[in-house]
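Working notes for the structure below.
The values are calculated or read from the model by the stated rules, or taken from the named source; none is laboratory data. This structure is a prediction, so every number in the text was calculated from the model and none was measured. Neighbour counts are summed over all protein chains in view; Cβ atoms, including those assigned to glycine, are modelled from backbone coordinates with ideal geometry. When the accessible area is computed, the model is the full protein with side chains, heavy atoms only, and any ligands, DNA or RNA have been set aside. Shrake-Rupley method; radii C 1.70, N 1.55, O 1.52, S 1.80 Å.
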Amino acid sequence: RDVERSRGLGDVYKRQQVTQGIKVSIKTRFEDAFVSNGKQQYAFSYIIHIENKSKDVVQLKSRHWKIKDALNDIDMVFGEGVVGKKPVIKPGGFHTYSSGCILLSPFGAMSGYYEMVNFTSTEKFKVSIPNFKLSAPFSMN
C-alpha cells in the first residue's frame, strides 16, 4: 500500500492511496456553519476519484466509513455502493463522485474502505480510503 499527500489547492487531490491497483484520491471542502435544533453544525463536502490501475475489471459493492469529529463523536456508516451506484470500473477507467457530512465541531476526520469484487477471480477485496481531515478555514492555526 502506498499513501501520498498532494500539495496545492484548487483541483488537486489532497490524499491518495493505492490498494491492489485501485487508487483512491480525495479532496475536501468546508461548505458552511449553521444552527439546527439549537446546535452549531458544520457542513463539509468531499469528492472521491477511484481509478483502476489494475489489469482486472472490478466493481465497488459497498462502503464503510468512520467519521470522527473533534468532540470524539464517532459515526460508523455502512452501505451498498456509493451515492446509489455500484460502479463497474474497467482497467484504466475511473469513477468519481461527491458527497458530504455534517459535524458538530469545525474539524474532524474520515477514513474507511470500499468492498470490491474482482471480475476475473470473483474474489472480494477491501480498498482502503486514506484518513483525511475536514477543517473549517477559521479553525486552522
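Please verify whether PRO106 is closer than 13 Å to LYS68 by Cα and open to solvent by less than 70 Å² (accessible area, probe 1.4 Å), treating the condition exactly as stated.
yes
Quick one: would you say ASP73 is acidic (Asp, Glu) and either on the phi > 0 side of the Ramachandran plot or open to solvent by less than 20 Å² (accessible area, probe 1.4 Å) (or both)?
no
Of all the residues that make up region 18-39, how many are exposed (fewer than 12 other Cβ atoms within 10 Å of the Cβ) and either among the hydroxyl-bearing types (Ser, Thr, Tyr) or in a strand (DSSP E or B) (or both)?
Number satisfying all stated conditions: 5.
Suppose the filter is touching a strand residue (DSSP E or B) at 6+ places or on another chain (Cβ under 7 Å) and either farther than 27 Å from ALA33 by Cα or of a type in the set (S, T, N, Q) (or both); does SER98 pass it?
It is true that SER98 is touching a strand residue (DSSP E or B) at 6+ places or on another chain (Cβ under 7 Å) and either farther than 27 Å from ALA33 by Cα or of a type in the set (S, T, N, Q) (or both).
I'm checking my understanding of the structure. Among residues of region 46-70 that are among the polar types (S, T, N, Q) and outside any loop (DSSP other than H, G, I, E, B), which one is least open to solvent (accessible area, probe 1.4 Å)?
Restricting to residues being among the polar types (S, T, N, Q) and outside any loop (DSSP other than H, G, I, E, B), the top hit is ASN52.
Looking only at region 120-141, which residues are outside any strand (DSSP E or B), loosely packed, with under 14 Cβ neighbours inside 10 Å and in contact (Cβ under 8 Å) with a residue 60 or more places away in the chain?
THR120, SER121, PRO137
Restricting attention to region 101-118, which residues are small (Gly, Ala, Ser) and part of a strand (DSSP E or B)?
Selection gives GLY108, ALA109, SER111, GLY112.
State whether the residues of region 109-117 include one that is of a type in the set (Ser, Thr, Tyr), under 17 Å from SER54 (Cα atoms) and open to solvent by 20 Å² or more (accessible area, probe 1.4 Å).
For region 109-117, residues of a type in the set (Ser, Thr, Tyr), under 17 Å from SER54 (Cα atoms) and open to solvent by 20 Å² or more (accessible area, probe 1.4 Å): absent.
When both residues are 6+ apart or on different chains and their Cβ atoms are under 9 Å apart, which pairs have a first residue that lies in region 72-100 and is assigned to a strand (DSSP E or B), and a second that is β-branched (Val, Ile, Thr) and exposed (fewer than 14 other Cβ atoms within 10 Å of the Cβ)?
TYR97/VAL83; SER98/VAL83; SER99/VAL83
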